[in-house]
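K.L.:
Before I ask anything, here is the structure I am working with.
The values are calculated or read from the model by the stated rules, or taken from the named source; none is laboratory data. Keep in mind that this is a model prediction, so the values were computed, not measured. With ideal geometry, Cβ positions are generated from the backbone for all residues, glycine too; neighbour counts draw on all protein chains shown. Surface areas here come from the heavy atoms of the whole protein model, side chains and all, with no ligands, DNA or RNA. Shrake-Rupley method; radii C 1.70, N 1.55, O 1.52, S 1.80 Å.
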Amino acid sequence: MRLRHKPWAADKLKAYPKYVTQNPQDFKGEWQKRFAKDQPIHIEVGSGKGKFIVEMAKAHPNINYIAIELQTSVAVSILELQLDAQLENLQIINAHGGDLNHFFSDGEVSRVYLNFSDPWPKARHSKRRLTSPKFLDQYQTILKLDGDIHFKTDNMSLFQYSLASMSQYGFVFRQVWLDLHQSDFEGNIQTEYEEKFSAKGHPIYRLEAYYPPKN
Ligand code: SAM
């Protein structure tokens, strides 16, 4: 996500430790303590400006949500939405979500959302894709046994890559959508990128997948 640099963003994020952390490893295994209620934790890696996760947190007060956004100037937009909404079930991590097993203990998370992740189209950058094996390894470790991954994108190449990568890793697809907005899927909350690309006529691809427990 390209955005103008906001030199004040880092200080603003630091001013609200109740909602934001830049040291998520300090809360490994103890995330429930940062929420009002002990309930399933759903994370989104690469939340952008936070429209999706803030609307999800409003719509599902029985879930605890954690937005993970790398860019300080972008993460501050999530904080601004949260300061308006004051949601007890939303936390923000401003850090690179490449070390998730340093941030969460095994089985601490019930669901991982990946929305319009950066496609990294060049083959030599494929390891940076959030559905590459290194990341899948981390999701499998931090997810509960019945946990799952929900992924959507308008990028056909990234979707194709992700289907293959997740399948080869051992994930099982519960459902796959090749045109989400023309389907009977109910309760879709659109992200900023989803609104932008669907307005241009791009179909939205979506999948839900889980890692089957070993016997
Ligand atoms: N999910 C939002 C949406 O659908 O509107 C934003 C999509 S934007 C293409 C991808 C976002 O993911 C960017 O804001 C980027 O900074 C963030 N991002 C990329 N890799 C990340 C990582 N490893 N950890 C945390 N954030 C990441």
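K.L.:
Residue by residue through the stretch 80-129, note down the ones that are free of Cβ contacts under 8 Å to residues at least 12 places away in the same chain, more than 14 Å from the ligand (Cβ to nearest atom) and farther than 18 Å from residue 14 by Cβ.
P.N.:
84, 86, 122, 123, 124
K.L.:
Continuing with this model, one more query. How many residues are of a type in the set (Lys, Arg) and in a strand (DSSP E or B) when one looks only at the stretch 132-164?
P.N.:
Looking only at the stretch 132-164, we keep the residues that are of a type in the set (Lys, Arg), and these are 134, 144, 152.
Checking which are in a strand (DSSP E or B) leaves us with 144, 152.
Residues that pass the stated criteria total 2.
K.L.:
In the stretch 165-215, how many residues are over 25 Å from residue 49 (Cβ atoms), in contact with a helix residue (DSSP H, G or I) (Cβ under 6 Å, 6 or more places away or on another chain) and in a helix (DSSP H, G or I)?
P.N.:
1
K.L.:
While we're here: Checking residue 26 against (1) without any contact (Cβ under 8 Å) to a residue 40 or more places away in the chain; (2) open to solvent by less than 60 Å² (accessible area, probe 1.4 Å); (3) not aliphatic (A, V, I, L, M), only one condition comes out false. Which one?
P.N.:
(2)
Per-residue answers, yes or no, for (1) charged (D, E, K, R); (2) touching a Phe, Trp or Tyr at 6+ places or on another chain (Cβ under 7 Å); (3) within 16 Å of the ligand (Cβ to nearest atom):
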position: 19; (1), (2), (3): no, no, no
position: 33; (1), (2), (3): yes, no, no
position: 39; (1), (2), (3): no, no, no
position: 52; (1), (2), (3): no, no, yes
position: 62; (1), (2), (3): no, no, no
position: 67; (1), (2), (3): no, no, yes
position: 71; (1), (2), (3): no, no, yes
position: 78; (1), (2), (3): no, no, yes
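K.L.:
Report, by residue number, each residue of the stretch 197-215 that is touching an Asp or Glu at 6+ places or on another chain (Cβ under 9 Å) and open to solvent by 30 Å² or more (accessible area, probe 1.4 Å).
P.N.:
Matches in the stretch 197-215: 197, 198, 200, 202, 203, 210, 211, 213.
K.L.:
Another question, then. For the stretch 99-131, give me the residue count where each residue is assigned to a loop (DSSP other than H, G, I, E, B), charged (D, E, K, R) and either open to solvent by less than 30 Å² (accessible area, probe 1.4 Å) or closer than 24 Å to residue 192 by Cβ (or both). Before the answer, list the steps.
P.N.:
Initially, the stretch 99-131 is screened for residues assigned to a loop (DSSP other than H, G, I, E, B), giving 99, 104-108, 116-122, 129-131.
Narrowing the set further to residues that are charged (D, E, K, R) leaves 99, 106, 108, 118, 122, 129.
Next, only the ones that are either open to solvent by less than 30 Å² (accessible area, probe 1.4 Å) or closer than 24 Å to residue 192 by Cβ (or both) stay: 108, 118, 129.
Matching residues across the stretch 99-131 total 3.
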